[in-house]
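Report on the structure given below.
Readers should treat all values here as calculations from the given coordinates under stated rules, not as data from a laboratory. Keep in mind it's a predicted model, so treat the numbers as computed, not measured. Cβ coordinates were reconstructed from backbone atoms using ideal geometry, including for glycine residues, and neighbour counts include every protein chain displayed.
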Amino acid sequence: MSVETCVLFDESVVKGIAAKTQEPAWMLNARLEAFKDVPKLPLPKLERTNIDRWNFTDFTPFTEEAAIGSLTELPEDVQEFIFDKEQAHVMVQKNGSVIFRRLGDDLAEQGVLFTDLASAARENEALVKKFFMTDGIKRDEHRLSALHAALNSGGVFLYVPRNVEVKVPIQGLFWLAGEKAAMMPHIIIVAEANSRIDFVANFIARPGDEAAFNNSAIEVFVSDGARVRVATVSSLGKETVDVIYRRSLVSRDGQLEWIVADLSEGRVISDNTTHLKGEGGMVNVKTVVLGTDEMRANVTSSIHHWGRHTASDINARSVMKGSATSILNSITKIEKGASKSDGQQSGKVLMLSPDARGDANPILLIDENDVTAGHAASVGRIDPTQLYYLMSRGISRREAEKLIIRGFLDAVVSQIPSESLQASIHRLIERKLQS
Amino acid sequence: MSKAPKLTIKNLHASVDGKEILKGVNLEVKGGEVHAIMGPNGTGKSTLASALMGHPRYEVTQGEVTLDGENLLEMEVDERARAGLFLAMQYPAEVSGVTNSDFLRSSINAKRGEGNEISLMKFIRELDKKMELLEMDEKFATRYLNEGFSGGEKKRNEILQMMMLQPRIAIMDEIDSGLDIDALKVVAKGVNSMLSDELGVLMITHYQRLLNYIKPDYVHVFMQGRIVKSGGPELAERLEAEGYDWVKEELGIEDETVGQKA
Ligand SMILES: Nc1ncnc2c1ncn2[C@@H]1O[C@H](COP(=O)(O)OP(=O)(O)OP(=O)(O)O)[C@@H](O)[C@H]1O
Ligand SMILES: [Mg+2]
């Protein structure tokens, strides 16, 4: 792609976003710098997926959307992704704008912060400055991170003070609406020492809204002894390019769990990178990708072990139908000095049609002797012996296949911290498999 | 479907990967009857069970099988099950991510049909009752289907399914293998609790031991892919005591496996 076609708008758009959000001047400066970098930087290099021809340019960089007073104003099929609607601590973003936010008084009183990013920057500037695109995702990693840095809007700043245990999941719903719409929320989760938090993010579009661009980023900071679980579910349209970069840092004895469900139907870049910095840190990454028709997905889970006694586990699954193609890259890097660490991986691909393509690509890079690591990878079709067994109890072939696929994905879906959301996801999966 | 079930097998031939294994099986099993099939390893007993159930690897090349007068061989595997056939398998498959109880409920509902699904309460009541009778820990209901089950636990789970599904003809393939003596008694209790004129049973076993607990009306000896001798319970006792050599001698069989000419 030539440099000239990298962006189809000019600096005034970037300034316009900053003016709307009334963010501090340093943020606008960072945007403008990133914007200059966009044409200079290459697209990200992905293992085994060529994205040169993917459409990262043809979208409306920012649209302002009107706020809503109540969740019931959302369309039914959008509401469906929010659970415990009456009490939910939830933020809803439509395209460029946050249109609804609610944080229960109980959490606010304990010092939990849950706002859009610009508000956070105004109200807690030092905190945002410390975490926003500094130690996690960098502005100049590649063209997409620069584009995100220049255009991000809405977003989430979720801060949990020391020792505060949040019992119910906090929710974010990111709704991409209309042709050529774009959303680029930047989500920051900071869990201070010994705190606990679950965050669930849904990235959705309604059927019919096919061509759009999601270029989101999530940064998670797990301090000493904190426990964090983040689930993201993406289900965007057929012509949509769906990019999410996730980056997390885990300190001493911190525990992090990622649950990633990629159910979008277009082009997907789903990256998840965790640095286990402190001794005894742990991360668990569970991902599923479901592809139908022409879907293309690159799902990369990377773990870097820096601290001693760190442990990681990647469990990646893919179901491919039609002529969908996915690659599951799992990269575990154990750095020198990270002794007594353990890194495990498993990648499994289930192919449902002859034209579907899928691969699992496990990579173990180990620079330290005193560690344990292992991986398992498999690519296959529905096991005829399992099918026969289920059918021998009277279950129809169709129903039996459904059960097997559901079971295959359940290792991940069952980990999502809401049964009603699990049910919505199962419904979504079944709908996609039927079409 | 209240009239007594009847499974009729006539001159059944079946092959796997082009190799003929079953070479003319004839047998009739009626409601209220318990048939035992005994025979040396590799003589085609499990093949018979699989061919009856409709395992995709086994191709029926000749003969006919009817269940209650309906042509079984024309039915898909699931249709056979819904018609009332059940096979407790020698090596049941494991299915990850599908819980035992979800699977059982799907099976029951498949049989009952749309609009007539079993209520969750009733299902749980039934399941609890049957698991208790089989002395199965309730955690087996929520475990993934057969995944990580011990050999004996899998067998018990097969019987649990049979009790929940209430088949008309039940084939049990070495349901006793790998069971300790207490488990054997429990499984036999489960099977015996089901015996009635509404159920015909075909048990494949190597051991008289099982037949002490589940009394057969007929005993058949299987060799070279077919039934070579039939009799009453006393036949099983003699086989237990003396082995198969006398049968082979009596019938002039040198190699009892299916590889050789019949
Ligand atoms: N899928 C298959 N591919 C090749 N050969 C097979 C297959 N299934 C069965 N056979 C062969 O058919 C013969 C009969 O096998 P079968 O399992 O029916 O024996 P069996 O009587 O049940 O033996 P056992 O008492 O050991 O269970 C054996 O020689 C076996 O190797
Ligand atoms: Mg056998």
At B:Glu132 and B:Glu254, where each label point lies 7 Å from the Cα along Cα→Cβ, what is the point-to-point distance in nanometres?
6.0
How many percent of DSSP beta bridges within chain B run antiparallel, rounded to 5?
60
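Count the DSSP beta bridges whose two residues both fall in segment A:11-277, then state the antiparallel fraction as a percent rounded to the nearest 5. Present the calculation step by step, with values, prior to reporting the outcome.
Numbers: 9 of 72 bridges.
Looking only at bridges with both residues in segment A:11-277, the antiparallel portion is about 10 percent.
Report the per residue volume, in Å³, of the convex hull enclosing the C-alpha atoms of segment A:29-162. Walk me through the intermediate numbers first.
Details: hull volume 23.0 nm³, N = 134.
Cα-based convex hull of segment A:29-162, divided per residue, equals 171 Å³.
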Potential lengthening between B:Asp17 and B:Arg125 on full extension [0.36 nm per residue; Cα-Cα distance subtracted]
34.5 nm
FRET efficiency estimate (nearest 0.05) - Cβ-Cβ, B:Thr8 to B:Lys215, R0 22 angstrom
0.45
Of the candidates A:Ser414, A:Thr385, A:Ala400, the farthest towards the positive dipole end of segment A:382-435 (Lys/Arg Cβ +1, Asp/Glu Cβ -1, centred on the Cα centre) is A:Ala400
Using the alpha-carbon centroid of each, what span in Å lies between segment A:193-212 and segment B:203-220?
60
Once the Cβ-Cβ distance between B:Asn71 and A:His426 is put in as r, and R0 is 45 Å, what FRET efficiency do you end up with, to the nearest 0.05?
0.75
Give the residues of segment A:187-211 whose amide nitrogen is closer than 17 Å to a point set 7 Å from the Cα of A:Lys130 in the direction of its Cβ.
A:188-196
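Rounded, prolate or oblate, given the Cα gyration tensor of segment A:351-394, with a/c below 1.5 counting as rounded? Don't jump to the answer; show the numbers that get you there.
Values: a/c = 8.61, a/b = 2.17, b/c = 3.98.
Since a/c reaches 1.5 but b/c is at least a/b, the shape of segment A:351-394 is classed as oblate.
How large is the helix-only mean residue ellipticity at 222 nm for the protein assembly as shown, computed as the sum of -39500 (n - 2.57) over DSSP H runs with n ≥ 4, divided by its residue count, in deg cm²/dmol to the nearest 500?
Numbers: 20 runs with 195 residues, N = 697.
Helix contribution divided over all residues of the protein assembly as shown: -8000 deg cm²/dmol.
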Among all lysine pairs in segment B:29-182 that are eight or more places apart or on different chains, how many have alpha carbons less than 18 angstrom apart?
10
In nm, the gap between the two label points placed 7 Å beyond Cα toward Cβ at A:Arg398 and A:Arg48 is 3.3
Given the protein assembly as shown, what percent of its DSSP beta bridges are antiparallel, to the nearest 5?
20
Suppose each label sits 7 Å from its Cα in the direction of the beta carbon; what would the A:Thr63-A:Leu365 distance come out to in nanometres?
4.1
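Two decimals is fine: what's Rg over Rh for segment A:382-435, C-alpha atoms, Kirkwood radius as Rh?
On the way: Rg = 12.2 Å, Rh = 11.9 Å.
With Rh from the inverse mean 1/r over Cα pairs, Rg/Rh is 1.02.
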Just need the relative contact order of chain A here, percent rounded to a whole number, with Cα pairs under 8 Å and 6+ apart.
10
Can you tell which of A:Ser234, A:Ser312, A:Ser424 shows the greatest fluctuation in a Gaussian network model of chain A with Cα springs below 10 Å?
A:Ser424
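Would you mind getting me the FRET efficiency between B:Asn116 and A:Ser378? Use the beta-carbon distance for r and R0 = 41 Å, nearest 0.05.
Values: r = 39 Å, r/R0 = 0.95.
Rounded to the nearest 0.05, the efficiency is 0.60.
Placing unit charges on C-beta atoms (Lys and Arg positive, Asp and Glu negative, everything else neutral), compute the dipole magnitude of segment B:6-251 about its Cα centre in debye, rounded to 20.
Working: 30 positive and 40 negative charges, 40 e Å.
Taking the Cα centre of segment B:6-251 as origin, the dipole is about 200 debye.
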In debye to the nearest 20, the charge dipole size for chain A, taken about the Cα centre with +1 at each Lys and Arg Cβ and -1 at each Asp and Glu Cβ, equals 740
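Computed over the Cα atoms of the protein assembly as shown, what is the ratio Rg over Rh, Rh following Kirkwood?
Details: Rg = 30.9 Å, Rh = 28.5 Å.
Result for the protein assembly as shown is an Rg/Rh of 1.09.
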Counting Lys and Arg as +1 and Asp and Glu as -1 over every other residue whose Cβ sits under 14 Å from the Cβ of A:Val90, the net charge comes to -2
Using Stokes-Einstein with the Kirkwood hydrodynamic radius over Cα pairs, what translational diffusion coefficient do you get for segment B:6-251 at 37 °C and a viscosity of 0.692 mPa s, in µm²/s rounded to a whole number?
177
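When ranked by the protection proxy of mean other Cβ atoms within 10 Å per residue, highest first, what sequence do the peptides A:166-179, A:25-38, B:191-204 form? Numbers along the way, then the final one.
Details: A:166-179: 20.7, A:25-38: 17.0, B:191-204: 18.9.
In decreasing order of mean packing, A:166-179, A:25-38, B:191-204 become A:166-179, B:191-204, A:25-38.
What whole-number value in cubic angstrom gives the convex hull volume per residue for the C-alpha atoms of segment A:57-124?
Values: hull volume 8.4 nm³, N = 68.
Cα-based convex hull of segment A:57-124, divided per residue, equals 124 Å³.
Averaged over every viewing direction, what's the projected area of the C-alpha convex hull for segment A:11-277? Give it in nm², one decimal, please. Can you show the working numbers first?
Numbers: hull surface 52.3 nm².
So the mean shadow area of the Cα hull is 13.1 nm².
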